[in-house]
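> What follows is a structure written as structure tokens; I'll ask about it next.
Values quoted throughout were computed directly from the atomic coordinates according to the rules given, and no laboratory measurement underlies them. It should be emphasised that the depicted structure is a prediction, and the values quoted were computed from it without experimental measurement. Here the Cβ positions follow ideal geometry from the backbone for every residue, glycine too, while neighbour counts run over all protein chains shown.
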Amino acid sequence: MKITFYGHNSLQIEIENTVILVDPFISGNPLSKDTVAIHSLKANYILLTHAHQDHTLDAEAIAKNTGATIVSNWEIASYYGAKGIAVHPMNFGGSWQFDFGKVKYVNAIHTSSFADGSNGGQPGGFVIESEHKNIYIAGDTALTMDMKLIPMQTKLDLAILPIGDNFTMGVDDAIIASDFVQCEKVLGVHYDTFGYIEIDHEEAKRKFYDAGKDLMLLEIGESIEL
Ligand code: NI
Ligand code: MN
């Protein structure tokens, strides 16, 4: 499993020949819009945690360009389905065995309206189990006790957690979240994109290190292999 960071909560996950994009927000991100060309991205699936524009802005264009299937909650899937895009609707606590692996849509505490005011349902996160590697994509969320449910069923290899504070968990709560999901290896997301969520990278890494954990902060376009 190869994971590439495209800024904010935008990720590309490659599992054998399948390409999964998560929360594509690139053309509106001042940190990635000049380095990542959305028309060159490949995708078989686009996973959307919630409807906010900083997670969905480029989903429609990429889906139409690639024919990718959008996977999200019922309301978001219905929104894109009405535009003629292939969709797979899910809802909380539900899992589906896709050709690349098993996906579960899990709880998050946040909000989820579309930029045009359409109903984006409730926000969520994803647990993906594939190739004997298990990852948790928290999406935008507060620290929540529901995170403790995840390791009851899944031994995680990586937790992808927001750390930018203000709109989501900050670093201190993300450290507690990594305890709750029982995963010491964390990829930080949802920081630096806007003024409200700029963070001190070295301080964030040191706090995780002091807690006995490993925080990775990737450059735009940088990849890790699990
Ligand atoms: Ni959001
Ligand atoms: Mn967000």
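> Would a scan of the stretch 215-226 turn up a residue that is among the small types (Gly, Ala, Ser), away from ligand 1 (no atom under 16 Å from the Cβ) and on the phi < 0 side of the Ramachandran plot? Let's see the steps before the verdict.
Looking only at the stretch 215-226, we keep the residues that are among the small types (Gly, Ala, Ser), and these are 221, 223.
Subset that is away from ligand 1 (no atom under 16 Å from the Cβ): 221, 223.
Still in the running and on the phi < 0 side of the Ramachandran plot: 223.
Scanning the stretch 215-226, I find at least one residue that is among the small types (Gly, Ala, Ser), away from ligand 1 (no atom under 16 Å from the Cβ) and on the phi < 0 side of the Ramachandran plot, so the answer is yes.
> Taking the stretch 6-58 only, how many residues are in a loop (DSSP other than H, G, I, E, B), among the polar types (S, T, N, Q) and away from ligand 1 (no atom under 15 Å from the Cβ)?
Of the stretch 6-58, the ones in a loop (DSSP other than H, G, I, E, B) are 6-10, 16-17, 23-37, 41-44, 48-52, 57-58.
In the following step, the residues that additionally are among the polar types (S, T, N, Q) were identified as 9-10, 17, 27, 29, 32, 35, 44, 49.
Right, trim to away from ligand 1 (no atom under 15 Å from the Cβ) and you get 17, 27, 32, 35, 44.
Total meeting the criteria: 5.
> Note down all Cβ pairs under 9 Å where the first residue falls in the stretch 151-176 and is hydroxyl-bearing (Ser, Thr, Tyr), the second is away from ligand 1 (no atom under 15 Å from the Cβ) and in a strand (DSSP E or B), and they're at least six residues apart or on different chains.
These pairs meet every condition: 154/104; 154/127; 154/129; 154/134; 154/136.
> Something else now. Hey, could you check the stretch 124-169 for residues that are under 22 Å from residue 6 (Cα atoms) and of a type in the set (Asp, Glu) and say which is surrounded by the most Cβ atoms within 10 Å (Cβ to Cβ)?
Among residues in the stretch 124-169 that are under 22 Å from residue 6 (Cα atoms) and of a type in the set (Asp, Glu), the one surrounded by the most Cβ atoms within 10 Å (Cβ to Cβ) is 140.
> Still on this structure: Does residue 1 qualify as being out of contact with any Leu (no Cβ under 9 Å at 6 or more places or on another chain) and surrounded by 18 or more Cβ atoms within 10 Å (Cβ to Cβ)?
When the stated conditions are applied, residue 1 does not pass them.
> When you look at residue 76, is it of a type in the set (A, V, I, L, M), within 15 Å of ligand 1 (Cβ to nearest atom) and not in a loop (DSSP other than H, G, I, E, B), yes or no?
yes
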